[in-house]
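For reference, the structure is listed below as structure tokens.
The values are calculated or read from the model by the stated rules, or taken from the named source; none is laboratory data. Treat the numbers as computed from the prediction; the structure is a model and nothing was measured. Cβ: placed from backbone, ideal geometry, glycine included. Neighbour counts: every protein chain shown.
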Amino acid sequence: MSVTLGNSVRVLFQGDSITDAGRDRDDDSSLGNGYVSLIAESLAAANPARRVLNRGIAGNRVADLRARWQQDTLDLAPDLLTVMVGINDTWRRYDEGAVTTVGDYAQDFRAILGQARDAGARLVLVEPFLVPVDDTQWGWREDLDPRIHAVRRLATEFDAALLAADGLLNQAAREAGSAEAIARDGVHLTPAGHACLAAAWLQLVGARSATATV
């Protein structure tokens, strides 16, 4: 499936800290310092009427998105909605012992996507990803990989565009010579990582990138 940007006027990004990227949550127009701001810069150059919104919140798991979905997504009535969530569902298993089963993850994700689709939003799903920086993080893949597969199934189910970020960013790390060049702790992206993700999103939706290049 290929979702084109088309005449979308309101473009919303939802997710966790990777999307949040330090945005000012007291300022509804704040986009943070990551891939969303790079995308917004490119989109504004092509069509100043477009409005890009960022409602990512650091630390969020999919259940957190579901809890705030009405206010932070549906009430904003996006034309094009991008969602990336899942790495914290994995991470909390290993640092806090808080387990979110893949079944519960998929159930919550399916529920919020269904509500967004019914409200008329076109969907872009970004896989959760991990660029391991040490041997311990390689062990996380047993929990994360099934979540990536769940997102791929949901993309098919909801006829959403899919940005296969896990392979993309791991390949970028190989080309850069180290995982830390793309994701400083395996999860949080460097400027090069954000640029890579932004360029891939712009290509996916058919928007030319003037600024988001590696």
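State whether the residues of the range 189-196 include one that is assigned to a helix (DSSP H, G or I) and touching a Cys at 6+ places or on another chain (Cβ under 8 Å). Looking for residues that are assigned to a helix (DSSP H, G or I) and touching a Cys at 6+ places or on another chain (Cβ under 8 Å), one finds none in the range 189-196, hence no.
For residues that are charged (D, E, K, R) and either over 12 Å from the mean Cα position of the chain (by Cα) or at pLDDT below 95 (or both), scanning just the range 97-134, find the one that is surrounded by the most Cβ atoms within 10 Å (Cβ to Cβ). Break it down stepwise before answering.
Kept after step one, since they are charged (D, E, K, R), are these residues of the range 97-134: 104, 108, 110, 117-118, 122, 127, 134.
Add one more test, that the residue is either over 12 Å from the mean Cα position of the chain (by Cα) or at pLDDT below 95 (or both), and what stays is 104, 108, 110, 117-118, 122, 134.
Numbers: Asp104: 14, Asp108: 21, Arg110: 16, Arg117: 16, Asp118: 9, Arg122: 23, Asp134: 10.
Among them, the one singled out is Arg122.
Return the residues of the range 10-36 that are closer than 20 Å to Asp75 by Cβ and surrounded by fewer than 22 Cβ atoms within 10 Å (Cβ to Cβ); say none if nothing qualifies. Within the range 10-36, Arg10, Asp24, Arg25, Asp26, Asp27, Asp28, Ser29, Ser30 qualify. Within the range 171-187, the set of residues being under 22 Å from Ser17 (Cα atoms), part of a helix (DSSP H, G or I) and free of Cβ contacts under 8 Å to residues at least 24 places away in the same chain comprises Gln171, Ala181. Filter the range 135-169 down to the residues that are closer than 13 Å to Gly86 by Cα, surrounded by 14 or more Cβ atoms within 10 Å (Cβ to Cβ) and out of contact with any strand residue (DSSP E or B) (no Cβ under 7 Å at 6 or more places or on another chain) and list them by number. Answer for the range 135-169, where residues must be closer than 13 Å to Gly86 by Cα, surrounded by 14 or more Cβ atoms within 10 Å (Cβ to Cβ) and out of contact with any strand residue (DSSP E or B) (no Cβ under 7 Å at 6 or more places or on another chain): Trp140, Arg141, Asp143, Leu144, Asp145, Pro146, Arg147, Ile148, Ala150, Asp166. Per the conditions (1) more than 16 Å from Val85 (Cα to Cα); (2) touching a residue at least 60 places away in the same chain (Cβ under 8 Å), the sole criterion not satisfied by Pro191 is (2).
Within the bounds of the range 137-150, is there any residue that is assigned to a helix (DSSP H, G or I), polar (S, T, N, Q), within 30 Å of Thr4 (Cβ to Cβ) and more than 15 Å from the chain's Cα centre (by Cα)?
First pass over the range 137-150, keeping only residues assigned to a helix (DSSP H, G or I): 137-138, 141-150.
Remaining after also requiring polar (S, T, N, Q): 137.
Add one more test, that the residue is within 30 Å of Thr4 (Cβ to Cβ), and what stays is none.
No, the range 137-150 contains no residue that is assigned to a helix (DSSP H, G or I), polar (S, T, N, Q), within 30 Å of Thr4 (Cβ to Cβ) and more than 15 Å from the chain's Cα centre (by Cα).
Count, please, the residues in the range 37-96 that happen to be of a type in the set (S, T, N, Q), surrounded by 16 or more Cβ atoms within 10 Å (Cβ to Cβ) and either in contact with a Lys or Arg (Cβ under 9 Å, 6 or more places away or on another chain) or part of a helix (DSSP H, G or I) (or both).
Just the residues of the range 37-96 that are of a type in the set (S, T, N, Q), to begin with: 37, 42, 47, 54, 60, 70-71, 73, 82, 88, 90.
Right, trim to surrounded by 16 or more Cβ atoms within 10 Å (Cβ to Cβ) and you get 37, 42, 54, 60, 73, 82, 88, 90.
Adding the requirement that they be either in contact with a Lys or Arg (Cβ under 9 Å, 6 or more places away or on another chain) or part of a helix (DSSP H, G or I) (or both) leaves 37, 42, 54, 60, 73, 88, 90.
So the count comes out to 7.
Taking the stated definitions as given, is Leu38 under 19 Å from His188 (Cα atoms), among the aliphatic types (A, V, I, L, M) and in contact (Cβ under 8 Å) with a residue 60 or more places away in the chain? Spell out the reasoning first.
On the way: under 19 Å from His188 (Cα atoms): yes; among the aliphatic types (A, V, I, L, M): yes; in contact (Cβ under 8 Å) with a residue 60 or more places away in the chain: yes.
When the stated conditions are applied, Leu38 passes them.
What number of residues within the range 97-119 satisfy the criterion of being outside any loop (DSSP other than H, G, I, E, B) and touching a residue at least 24 places away in the same chain (Cβ under 8 Å)?
Of the range 97-119, the ones outside any loop (DSSP other than H, G, I, E, B) are 102-118.
So of that shortlist, the ones also touching a residue at least 24 places away in the same chain (Cβ under 8 Å) come out as 102, 104-106, 108-117.
Looking only at that region, the number is 14.
Taking every residue in the range 156-170 that is acidic (Asp, Glu) and pairing it with any residue that is assigned to a loop (DSSP other than H, G, I, E, B), at least 6 positions away or on another chain, the pairs with Cβ-Cβ distances below 6 Å are Asp159/Met1; Asp166/Glu127; Asp166/Phe129.
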